[in-house]
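Input: a single structure, listed below in structure tokens.
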Amino acid sequence: MTRLTLAIFFTAAALSAQTPAAAPAGNAQNGRKLFENYGCYQCHGREAQGGLGTGPRLGPKPIAFTAVQKYIRQPTGQMPPYTAKVVNDKDLADIYAFLQSRTAPPPVKDIALLNN
């Protein structure tokens, strides 16, 4: 194959690759309430920061919505499954909006108590 043919082939393959769907719009305030009501905070912390020996950090910058949705519906670890009957798609979108709204903690150098 010529370079041009290879370039066209790889460009077409890249363009045809599926891109993850954008997360549905959600309400972060309601998502915080749902995060607490469903007990997510018990393993993932009140700010979705995760903890040692419990659930992983979920925010800020959560993984793609489709990956979160798949894992919540069919977890592979110790987390119980939350089917669509338990957490509907609208509530899940709100929880995801809450995860997206989490801000990164300040750098250690900016925390005076840790720099004494």
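Just so you know, all these numbers are worked out from the coordinates, no wet-lab data involved. As the structure is a computational prediction, the values presented were derived from the model and not from experiment. Neighbour counts run over all protein chains shown; Cβ positions are idealised from the backbone, glycine included.
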Problem set entry | Nitroxide proxy distance, nm - points 7 Å out along Cα→Cβ at Ser101 and Arg46 | 1.6 nm
Problem set entry | Tail weight of P(r) past 14 Å, computed on alpha-carbon pairs of the stretch 71-116, percent | 66 percent
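Just to confirm a number: summing +1 for Lys and Arg and -1 for Asp and Glu over residues other than Pro24 whose beta-carbon lies under 13 angstrom from that of Pro24, what do you get? Please report the intermediate quantities before stating the final value.
Values: positive: Lys90; negative: Asp89, Asp91, Asp94.
Result for the local shell: -2.
Quickly rank 72-82, 97-107 as a protection proxy: mean count of other C-beta atoms within 10 Å, highest first.
Descending mean neighbour count gives 97-107, 72-82.
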Seminar exercise, completed: Env charge @ Cys40, Cβ radius under 13 Å, K,R +1 / D,E -1, value +1
Exercise. Taking a ≥ b ≥ c as the square roots of the eigenvalues of the Cα gyration tensor of the stretch 30-80, is the shape rounded (a/c under 1.5), prolate (a/b larger than b/c) or oblate?
Worked result: rounded
